[in-house]
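*Asks:* Structure below; questions to follow.
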Amino acid sequence: STFLGLTWLSVVPPVIYILLFTKMGFGLIAMYYLSTHISLYTPVVFSATFVMFLLLYFLDAESWTSKLGTISRITGISLLIGGTFLLVIFLAGDYPFGPICLFAITTPMWLVAMKYIFYRKYDNRTFVTWLSGPLLFLSLVTTGLWIAWTFSNDANEWNQMTRLTDLETTGCEPDFSEPYQHCRKDATSNEVCFVINQEANDIIFPEGCSESCTNVYDSCLNAFILWVGPLLVGICLFFFSFFCTFLRPNSAEGEIVSFVKLWMCLLFLLWSAASLAGTGTGIVYALAALTLAAFAGSGILLSVSYSRLSQSEHGRLFIERLSDKYGSQLDTARGLLIVTCAPLVIVYLAISLVNQCLRRTRLLPCSATPRNKDNTDVYSGWLTEKTHRQVKEFKSWDRSKVLTYAVYWGVGFIVFIVVVAEFTVVFLSWLIEKTSSMPLALVTGIMVGVGMIMFLLPPVPGVPIYLTMGIVIVATGRPIFGIVGSMAYCALVSLVMKLLACTLQQKCFGELMSNFVSVRKLVGINSQFVRAMRLVLSERGMNTPKVSILIGGPDWPTSVLCGLLKLPLFSILYGTLPVIFLILPTMLTGSFAYMASLTVDGKPEFPWAGTASTITMAITGGVQFGSMVVAAYFLEKVTTSRADELANLPYDEEVKAAEDAAAHEKEVYTRVTQWDVVPALAKTFLILSVSTMVISCYTVQLFSADCFADYELTFTIGEHLDGNVLNLVLPLGWIAIILFIASCIFLLIFVSWAKRKTKEVIKEEKSTMLATSHEKDKTEANANPAMENTVDSSPS
């Protein structure tokens, strides 16, 4: 009864969202009115909301403690929240991610409200953990209904026809900027030159109107978000379900941290898959926005899990335990905060400065009175006291490390946005063009060779390899085997390639190179994670935990560890065979993405392929995430149930010595890069590195259309880039790339100085230790004759 009751209560937000903001409901009509009518009032709502925020902030609403002040504060905050919600809805025409982000935040709020109405007598944390089952059930039902709805009617599929039709229905404005000036119906019209004939399922391109004119709507994602909305709802509910599971009373902070890591890994894999496929970028950005909102919603569930009196205490203890256990990882998170929020922080500091100036002038009667400067126990500076504490907290960070991590985050962002999302599509289109005339056997050999090289690189996961195979092999093998036959052939080749890679990793790296300390150290042979893997993989026979690790564990370390343990090869390969369930959806995502880009006489050859690509991408994410969760579950179970065995497992002393040396070098590096002892010139280079990286990232993110030319998987370099691949980068893109290169050079200068300084300190320490040792030996040598004399003069 509790399950059914919570399910009925939990179904309300998804039903409302699906009815109002998805194509399954009335989303097309709602989006049209939001884009063409309601959006006209956006400036008014924004101005009113911004003025309310400034008034509450500058008048120090948090200090209003009287009865009237409390009522005024609550009213003002309510108006601010309501205005923000309205603003997100009004901007849905330009930013269609807004409603799904509101859903991710309001769903926990709704569930908390229902708790206080219907389940008041139950403990908060118990109630939150009860939500796991109903939310998972609704996630599966929502996703299943969406898939059934998608294939129930051709109009519900995602293809070129439905995309253009829905874009026009929702009121999207075409972009006629270069190189699409010729796509206007006439010189003064704001309508497109092509005509959509829904009855004939055809797109008519008059003379002078090229097929590329359909790209004028590329910047508008309204139709896609409306179509994929139920899937995003299912993913959001899936996220909350797992989060509620990790909030059970006996869970630890490490489980929540592991959950966050797995989820971020899933986003990375989906991002790579969508970028390599050259399609589905909308769903990746939607997932990123949805994740941020879902973490905010998770904060609501986390806060309600404790009583009001214990929230601050639990929060303080939780943060302290996280700092003790994951201090270095917190620096990584701080670096991400710097590179993403640096401009916002500057604005915040400016607003705080204005607020404090108003306090000093006392022009506003409701504003807080500045502290007395003569009182040493209080603060009166140019920033508010709260901002001053936050700045002080920032100064307590290891700023050199945090700023370095900020640059690393920027490097990762630019690599995936530019290299993966842009140049990889060009490379794949070139590869398809060059291999189209080659024999299938030669193409297979080339792809297997490239795939093997990628597999042998420790950081590279299998997802981009399988997806690339699905694109190239199907494109080349279609004339011989047909679409279905070439897919089956590609799946077989991918499985054989995976097993061959496992063989090379196990036999060459694991067994033949087992004497190399660097290889064992790279595997992490002494880490708790790998030690738990050793216990499971060393068991005789084949069981579920062992198979889950072989499938869901990291590719390179798992196979190399099997070699270090001298495990039988054929048994390991047999246990790896279920990896086909990971290969298939990933490979099909690439194949369907390629098929969706094919046209015949201007019509999509496979109009359903775009839909299938999105669905298989979602399945890929689910299977990948599920395999990692299952592997993590069994490893966590080993660390608790077999703790004694794990403690008695011997450490690799050579690796331990190397790790100790590396740890000492890292400790010295941390010492010499403390902000207070870093020279001004080195600080300048690091600050310049962060600044140029932030500008580069924001430029690429906010002005992507002005940085890179449109390019699709079926384009050719000769026809669409005038034979020069560098034409893919527009002038603003070159500026972003130059800033990126400059940032890397500045960071390289700082790191080179830091490493040189570290070596000097370590050399001085060794010299000091050697001198101390020589002095000790000399002292002992001088003391020995005296001892001998004492012995000789003693009576016999």
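*Asks:* Could we say that residue 77 is more than 31 Å from the chain's Cα centre (by Cα) and either over 24 Å from residue 229 (Cβ atoms) or assigned to a helix (DSSP H, G or I) (or both) here? Before you say what the answer is, go through the steps one by one.
*Replies:* Numbers: more than 31 Å from the chain's Cα centre (by Cα): yes; either over 24 Å from residue 229 (Cβ atoms) or assigned to a helix (DSSP H, G or I) (or both): yes.
Considered against the rule, which asks whether it is more than 31 Å from the chain's Cα centre (by Cα) and either over 24 Å from residue 229 (Cβ atoms) or assigned to a helix (DSSP H, G or I) (or both), residue 77 comes out as yes.
*Asks:* Being of a type in the set (Phe, Trp, Tyr), more than 19 Å from residue 2 (Cα to Cα), part of a helix (DSSP H, G or I) and under 26 Å from the mean Cα position of the chain (by Cα): is that true of residue 103 here?
*Replies:* Details: of a type in the set (Phe, Trp, Tyr): yes; more than 19 Å from residue 2 (Cα to Cα): yes; part of a helix (DSSP H, G or I): yes; under 26 Å from the mean Cα position of the chain (by Cα): yes.
Judged against the criteria, residue 103 is a match.
*Asks:* Go through segment 539-565 and count every residue that is closer than 17 Å to residue 637 by Cβ, assigned to a loop (DSSP other than H, G, I, E, B) and without any contact (Cβ under 8 Å) to a residue 60 or more places away in the chain. Spell out how you get there, then give the answer.
*Replies:* First pass over segment 539-565, keeping only residues closer than 17 Å to residue 637 by Cβ: 539, 543-553.
Restricting the remaining residues to those that are assigned to a loop (DSSP other than H, G, I, E, B) gives 539, 543, 553.
With the extra rule that they be without any contact (Cβ under 8 Å) to a residue 60 or more places away in the chain, the set shrinks to 539, 543.
Total meeting the criteria: 2.
*Asks:* Oh, and also: Could you tell me whether residue 632 is within 30 Å of residue 462 (Cβ to Cβ) and in contact with a helix residue (DSSP H, G or I) (Cβ under 7 Å, 6 or more places away or on another chain)? I'd like the intermediate steps shown before the answer.
*Replies:* Details: within 30 Å of residue 462 (Cβ to Cβ): yes; in contact with a helix residue (DSSP H, G or I) (Cβ under 7 Å, 6 or more places away or on another chain): yes.
So residue 632 fits the description; yes.
*Asks:* When only residues in segment 553-565 that are within 12 Å of residue 579 (Cβ to Cβ) and at pLDDT 85 or above count, which is surrounded by the most Cβ atoms within 10 Å (Cβ to Cβ)? So that I can check it myself, show each step before the final result.
*Replies:* Filtering segment 553-565 for residues within 12 Å of residue 579 (Cβ to Cβ) gives 553, 555, 558-559.
Narrowing the set further to residues that are at pLDDT 85 or above leaves 558-559.
Numbers: 558: 24, 559: 26.
Result: 559.
*Asks:* Tell me whether segment 522-538 contains one or more residues that are in a loop (DSSP other than H, G, I, E, B), out of contact with any Phe, Trp or Tyr (no Cβ under 6 Å at 6 or more places or on another chain) and surrounded by fewer than 16 Cβ atoms within 10 Å (Cβ to Cβ). Reasoning before the result, please.
*Replies:* Going residue by residue through segment 522-538, those that are in a loop (DSSP other than H, G, I, E, B) are 524-527, 538.
Those still in the list that are out of contact with any Phe, Trp or Tyr (no Cβ under 6 Å at 6 or more places or on another chain) too: 524-525, 527, 538.
If we keep only those that are surrounded by fewer than 16 Cβ atoms within 10 Å (Cβ to Cβ) as well, we get 527, 538.
The answer is yes; a qualifying residue exists.
*Asks:* Sticking with this structure for a sec: Name the pairs: first residue in segment 62-91 and within 19 Å of residue 384 (Cβ to Cβ), second residue of a type in the set (Lys, Arg) and surrounded by 12 or more Cβ atoms within 10 Å (Cβ to Cβ), Cβ to Cβ under 7 Å, at least 6 apart or on different chains?
*Replies:* Final answer for the pair search is 64/73.
*Asks:* When the residues of segment 80-99 are narrowed to those that are open to solvent by 60 Å² or more (accessible area, probe 1.4 Å) and assigned to a loop (DSSP other than H, G, I, E, B), which ends up farthest from residue 172 (Cα to Cα)?
*Replies:* Filtering segment 80-99 for residues that are open to solvent by 60 Å² or more (accessible area, probe 1.4 Å) and assigned to a loop (DSSP other than H, G, I, E, B), the one farthest from residue 172 (Cα to Cα) comes out as 95.
Residue by residue, here is whether (1) without any contact (Cβ under 8 Å) to a residue 60 or more places away in the chain; (2) touching a helix residue (DSSP H, G or I) at 6+ places or on another chain (Cβ under 7 Å); (3) open to solvent by less than 70 Å² (accessible area, probe 1.4 Å); (4) at positive phi holds:
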| position | (1), (2), (3), (4) |
| --- | --- |
| 672 | no, yes, yes, no |
| 689 | no, yes, yes, no |
| 692 | yes, yes, yes, no |
| 702 | yes, no, no, no |
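*Asks:* So is residue 723 assigned to a helix (DSSP H, G or I), modelled with pLDDT under 85 and farther than 18 Å from residue 699 by Cα or not?
*Replies:* On the way: assigned to a helix (DSSP H, G or I): no; modelled with pLDDT under 85: yes; farther than 18 Å from residue 699 by Cα: yes.
No; evaluated as a whole, the condition is false for this residue.
*Asks:* Could you check, for segment 507-517, whether at least one of its residues is under 30 Å from residue 441 (Cβ atoms) and either of a type in the set (Ser, Thr, Tyr) or open to solvent by less than 30 Å² (accessible area, probe 1.4 Å) (or both)?
*Replies:* The answer is no, given that none of the residues of segment 507-517 is under 30 Å from residue 441 (Cβ atoms) and either of a type in the set (Ser, Thr, Tyr) or open to solvent by less than 30 Å² (accessible area, probe 1.4 Å) (or both).
*Asks:* Next question, about the same structure. Can you name every residue in segment 698-708 that is within 17 Å of residue 423 (Cα to Cα) and in a helix (DSSP H, G or I)?
*Replies:* 700, 701, 704, 705, 706, 707
*Asks:* For segment 724-744, how many residues meet the condition of being open to solvent by 90 Å² or more (accessible area, probe 1.4 Å) and farther than 13 Å from residue 695 by Cβ?
*Replies:* Counting residues in segment 724-744 that are open to solvent by 90 Å² or more (accessible area, probe 1.4 Å) and farther than 13 Å from residue 695 by Cβ gives 2.
*Asks:* Would you confirm, using the coordinates I've provided, whether residue 55 is farther than 25 Å from residue 138 by Cβ, more than 33 Å from the chain's Cα centre (by Cα) and open to solvent by 30 Å² or more (accessible area, probe 1.4 Å)?
*Replies:* Answer is yes for this residue.
*Asks:* Still on this model: Which residues, taken from segment 186-217, are part of a loop (DSSP other than H, G, I, E, B), open to solvent by less than 40 Å² (accessible area, probe 1.4 Å) and in contact with a His (Cβ under 9 Å, 6 or more places away or on another chain)? Steps first, please.
*Replies:* To start, the set of residues in segment 186-217 that are part of a loop (DSSP other than H, G, I, E, B) comprises 186-191, 193-194, 198-201, 205-210.
With open to solvent by less than 40 Å² (accessible area, probe 1.4 Å) added as a condition, the list becomes 189, 193-194, 209.
The answer is 193, 209.
*Asks:* Would you pick out the residues in segment 119-157 that are closer than 30 Å to residue 197 by Cα and either hydroxyl-bearing (Ser, Thr, Tyr) or open to solvent by 40 Å² or more (accessible area, probe 1.4 Å) (or both)? Step through it out loud before you land on a result.
*Replies:* Filtering segment 119-157 down to residues closer than 30 Å to residue 197 by Cα leaves 145-157.
If the condition is that a residue be closer than 30 Å to residue 197 by Cα and either hydroxyl-bearing (Ser, Thr, Tyr) or open to solvent by 40 Å² or more (accessible area, probe 1.4 Å) (or both), then 145, 147, 148, 149, 150, 151, 152, 153, 154, 155 are the ones that fit.
*Asks:* Now for a separate question. Is one or more of the residues making up segment 450-458 open to solvent by less than 10 Å² (accessible area, probe 1.4 Å), under 24 Å from the mean Cα position of the chain (by Cα) and more than 21 Å from residue 558 (Cα to Cα)?
*Replies:* no
*Asks:* Among the residues of segment 439-467, count how many are in contact with a helix residue (DSSP H, G or I) (Cβ under 9 Å, 6 or more places away or on another chain) and either among the acidic types (Asp, Glu) or at pLDDT 85 or above (or both).
*Replies:* Residues of segment 439-467 that are in contact with a helix residue (DSSP H, G or I) (Cβ under 9 Å, 6 or more places away or on another chain), as a first pass: 439-440, 442-444, 446-448, 450-452, 454-467.
When the remaining residues are screened for being either among the acidic types (Asp, Glu) or at pLDDT 85 or above (or both), the result is 439-440, 442-444, 446-448, 452, 466.
Count: 10.
*Asks:* Please find, among 7, 42, the residue that is under 34 Å from the mean Cα position of the chain (by Cα), more than 17 Å from residue 92 (Cα to Cα), assigned to a helix (DSSP H, G or I) and hydroxyl-bearing (Ser, Thr, Tyr).
*Replies:* Working: 42 fails: more than 17 Å from residue 92 (Cα to Cα).
One residue alone meets the criteria, 7.
*Asks:* Scan segment 10-39 for residues that are part of a loop (DSSP other than H, G, I, E, B), in contact (Cβ under 8 Å) with a residue 60 or more places away in the chain and not polar (S, T, N, Q) and report the count. So that I can check it myself, show each step before the final result.
*Replies:* At the first step, the residues of segment 10-39 found to be part of a loop (DSSP other than H, G, I, E, B) are 11, 22-26, 37.
Narrowing the set further to residues that are in contact (Cβ under 8 Å) with a residue 60 or more places away in the chain leaves 11, 22-24.
Still in the running and not polar (S, T, N, Q): 11, 23-24.
Going through segment 10-39 one residue at a time, the tally reaches 3.
*Asks:* Do you know which residues across segment 384-419 are part of a loop (DSSP other than H, G, I, E, B) and either among the polar types (S, T, N, Q) or at pLDDT below 80 (or both)?
*Replies:* In the first step, residues of segment 384-419 are kept if they are part of a loop (DSSP other than H, G, I, E, B); the result is 384, 397-398.
The answer is 384, and nothing else.
*Asks:* Does residue 464 satisfy being in contact (Cβ under 8 Å) with a residue 40 or more places away in the chain, under 27 Å from the mean Cα position of the chain (by Cα) and in a loop (DSSP other than H, G, I, E, B)?
*Replies:* Considered against the rule, which asks whether it is in contact (Cβ under 8 Å) with a residue 40 or more places away in the chain, under 27 Å from the mean Cα position of the chain (by Cα) and in a loop (DSSP other than H, G, I, E, B), residue 464 comes out as no.
*Asks:* Looking at 483, 446, 432, 473 in this structure, which one is assigned to a helix (DSSP H, G or I), surrounded by 13 or more Cβ atoms within 10 Å (Cβ to Cβ) and in contact with a Cys (Cβ under 9 Å, 6 or more places away or on another chain)? Outline the logic, then answer.
*Replies:* Working: 483 fails: in contact with a Cys (Cβ under 9 Å, 6 or more places away or on another chain); 446 fails: in contact with a Cys (Cβ under 9 Å, 6 or more places away or on another chain); 432 fails: in contact with a Cys (Cβ under 9 Å, 6 or more places away or on another chain).
Only one candidate passes the filter, namely 473.
*Asks:* Something else now. Among the helices (runs of 4 or more DSSP H) confined wholly to segment 566-664, which include 3 or more residues that are open to solvent by less than 40 Å² (accessible area, probe 1.4 Å)? Talk me through it step by step, then tell me what you get.
*Replies:* Numbers: elements: 569-576, 580-596, 609-641, 643-648.
Result: 569-576, 580-596, 609-641.
The values are calculated or read from the model by the stated rules, or taken from the named source; none is laboratory data. Everything numeric in this text was worked out from a predicted model, so none of it was measured. We place every Cβ from the backbone using ideal geometry, glycine too, and count neighbours over all the protein chains shown. Accessible surface areas use protein heavy atoms only, side chains included; no ligands, DNA or RNA. Shrake-Rupley method; radii C 1.70, N 1.55, O 1.52, S 1.80 Å.
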